[in-house]
Structures are given as structure tokens and as C-alpha cells.
Amino acid sequence: MSDADRDDEELLARARDGEASAFAILVHRHAATLHAAAVASSGAAADAATLTTVRRTFLRAMRRLDRADPTDLEGWLLSVQGTPLDEEAAARATPLTTSELDELWRQLAPCWPRGRRRRRLPRWVGQVALVLVLLALAVAVPYALLVTAVEEADQGPDPIAEVVAVPIDDDQFDLTFEDTPQDDADGATDGEEP
């Protein structure tokens, strides 16, 4: 079985695994529908602008392959493009030729990511990380404010810095401690026994 015979779901799985050839088949298979939708939404005849719209749609689809709907790939591509498609407009649209489809893939091929596509983390992982960061901030910020307030309250004037130095003259105080007999005699005269 060749790749061209595979269904969209299998080709999408291969494209998600990094096979550019699988995505090329999807481009060839669904570009005509996207082109018809672009022509219908612009209201003009097919021109380079509609082909540019198709190319940009597939470029966006390359980045969003992990979110593609395997059961309705064409509907998913139309939602990526953002243009509705009614059946009358699709019937009036000029189909793309094989050479136009080949040229479209030649423009897209250099943009195909090399190697295996990295899977994106689920959206909830980022949301949980955000909640954890906010919780950490909710605890850290009030704690930091409390510590700052306590430090400011404790920073009263330094008691040693408040002491004012007063010069003392030598004759102002007599700091001699001598026992003199006169003091003993004074104590005895006051009615105390020696």
C-alpha cells in the first residue's frame, strides 16, 4: 500500500511522527478545498492572494498538528484557515492543478520541522505552574512585608548614641576615700557607739 492510498487518520499520525511526505499528501488532498474556501470568502476569482491564504493555513497546521481532528481533517483545516465553505462556492471554484499543488508543497517543504516533532505539554501543566507561582508569591510577599515592618520597628534610637558627654573638671569631685579619725569622732559624737 502506497502512502497515497492511506486514509487521512493514518497520514496525520505519520505527519505527527515527523514524516514530511505524509503531510505532503494531505496538502495535495485538501488544498483544493481550502482554495475554494479562500476564493468564496474573498468573493474574487482565484489569484495569488488565495494561494497565499492556503499556504499560510498549512503553515499554521504544521504547528498545530497535535491538535488536529483525525476524523474530520478537512473541517479542522477550514477552522484553522478561518473561512467557511458553502457548497455553491465550492462548486464554482476553479480546482488547483497538479503543478499548482506541487508548487504549494515546494513552498511549504522548507518550513517542515526537521527531525521528530516535539509534543507540546498539555495546557493544564502551564495552568498548574501558574497557580503554584501565584501561591508562592502569596506567601512570600506578605512574609517579606512583615519582616520589613518588624525590622523597621526594632530600629529605634541607639541608647549609646543618646548619651551626651559632659566634661568633668578635676576639682568638681573629690574621689579620695581615706578613713580619717575625724569621721570616726563625728560618728561617736552623734550618740552612736564606736
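Numbers at a glance
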read-out: All helices (runs of 4 or more DSSP H) inside the range 3-92 with 1 or more residues being charged (D, E, K, R) and out of contact with any helix residue (DSSP H, G or I) (no Cβ under 7 Å at 6 or more places or on another chain); value: 8-16, 20-42, 48-63, 87-92
read-out: Some residue of the range 104-122 being part of a helix (DSSP H, G or I), modelled with pLDDT under 85 and either closer than 30 Å to Ser42 by Cβ or not assigned by TED's automatic domain parsing to the domain that holds Ser42 (or both); value: no
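The values are calculated or read from the model by the stated rules, or taken from the named source; none is laboratory data. Since the structure is predicted, the reported quantities are computational estimates derived from the model, not experimental observations. Please note: Cβ atoms are built from the backbone with ideal geometry, for glycine as well, and neighbour counts cover all protein chains shown.
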